[in-house]
Amino acid sequence: MAKPSDIRHDPFMDVPTSITLTERHLIPSISPYTICLNEVPVKNSPTTTIVRIIDIGDGAVHYGADFDEVAATPIEGQFFPDYNTSAYDSTWNTGTIQFSAADAGKGVEVTYLAKGTLTGVSCNMYPSWWRDRGDGSDGDFYPTGNVTISGRKNYRSVYIPAGVTVSVSGFIDIRCQGMFINAGTINASGGGGLAGQQVKIRNLYGANIGLNGNPGEPAIGGGAGGAAGSSSDSGYYGVNSSGTKIGGSRLSLDAAGVLAGCYSEEILGGGGGSSPGVYSISEGGSTETLSGAVGGNGGGMIRIVAKSHKNIGSYISTGLNGTSVTVDSAIQTGGGGGGGGVILVVCERNLSSGTASVGGGAGGSYGGSGGAGWYRVIELGVN
């Protein structure tokens, strides 16, 4: 067993110190039915560690019975803290708590005297940020109604009840120290690459002019945006610098989805759909400008790094649809659909992956659909 590090120490008295911490965890549904605290608890007799059942099915915390501490294999309603450590201080233990199979899947709240962390908790087999569950500074996140969040969040624990939708503005990067339960919906649709913008019209007397729209913003890890289209091949579609119809380009899944998506902390998302150009008709000395269709934005990013993960609701990060417009009573134009976004979960214990939607948006008339994004749950399988 690794020795303690980051010790809470009083340099004047030259003795270890401790603080009281409270954490919320889910007991795994598979053997060995253990959870691991974020710090190492003090061994006391009688014990100062309190473990109790919690139920937050309605968004509020309801407490059940306290567990009894035992020094052997536990039965229902008991917990066994592992004190088998070679640490220099016998008051340290490993921070691992074992429960009975009869208590599998239950939520628990643990209050204990914390003395610091252990060495040897990182691994060069995966990036260090996979174990970065934040500092809990944003507290517990238990929304009871629909809410919009964005950016980096540092939660102690998360419970999103059924019927509640958490909308994501752009992207969300949730770091959760304890349990993460989603029974509702987290939706980041349209938060990725922007659709291509229509260019300004050039007014030329007596000529029909079709100007190309622009490609959507590229995808990093998510699905590619669809190309815009037109029933007239003389223009009205998004192009790249070579004049090829294209939506928001996509990096390969290997390069972006696996390497960038899993091994770096880049903000990912789906590509925006391409927008057609505008159509101008000049007759008799006057010019009429007719707008083409609009592409759809790509899906955004949902990233979750948690101790334990349970998704019995849904994650959504789809690309938005392109629109359709008929110009000059004849020419149909359609924006490309946005590419699907990125959903990435990194956890030590995964109790349920649930469902996720990362499809690309549909293209408008003659427009291409956006490509699919991706959803990954990475279970470290460690305490």
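The values are calculated or read from the model by the stated rules, or taken from the named source; none is laboratory data. Given the structure is predicted, the values throughout are model-derived calculations rather than measurements. All Cβ positions, glycine included, derive from the backbone under ideal geometry; neighbour counts span all protein chains shown.
Here are the numbers:
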| read-out | value |
| --- | --- |
| Residue among A72, A87 that is surrounded by 12 or more Cβ atoms within 10 Å (Cβ to Cβ) and either small (G, A, S) or at pLDDT below 85 (or both) | A87 |
| Tabulated pairs, region 25-43, first assigned by TED's automatic domain parsing to the domain that holds E76 and surrounded by fewer than 24 Cβ atoms within 10 Å (Cβ to Cβ), second part of a loop (DSSP other than H, G, I, E, B) and of a type in the set (S, T, Y), C-beta under 7 angstrom, 6+ apart or interchain | Y33/S100; V42/S18; V42/T48; V42/T91; K43/Y83; K43/T91 |
| Members of region 336-383 found to be surrounded by fewer than 20 Cβ atoms within 10 Å (Cβ to Cβ) and over 17 Å from the mean Cα position of the chain (by Cα), listed by number | G381, V382, N383 |
| Any pair with Cβ under 9 angstrom, 6 or more apart, that starts in region 58-69 at a residue that is free of Cβ contacts under 8 Å to residues at least 12 places away in the same chain and ends at one that is of a type in the set (G, A, S) | D68/G77 |
| Every residue from region 310-344 that is touching a Lys or Arg at 6+ places or on another chain (Cβ under 7 Å) and under 30 Å from I27 (Cα atoms) | L344 |
| Test set (1) surrounded by 23 or more Cβ atoms within 10 Å (Cβ to Cβ); (2) at pLDDT 80 or above; (3) not aromatic (F, W, Y) - I312 fails condition number | (1) |
| Residue ID - farthest from the chain's Cα centre (by Cα), chosen from residues in region 144-191 that are without any contact (Cβ under 8 Å) to a residue 24 or more places away in the chain and closer than 18 Å to T355 by Cβ | G163 |
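Matching residues to (1) in a loop (DSSP other than H, G, I, E, B); (2) in contact (Cβ under 8 Å) with a residue 40 or more places away in the chain; (3) touching a Pro at 6+ places or on another chain (Cβ under 9 Å); (4) outside the structural domain of R303 (by TED's automatic domain parsing):
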site	(1), (2), (3), (4)
L320	yes, yes, no, no
Q332	no, yes, no, no
G359	yes, yes, no, no
Y366	yes, yes, yes, no
G370	yes, yes, no, no
Y375	no, yes, no, no
G381	yes, no, no, no
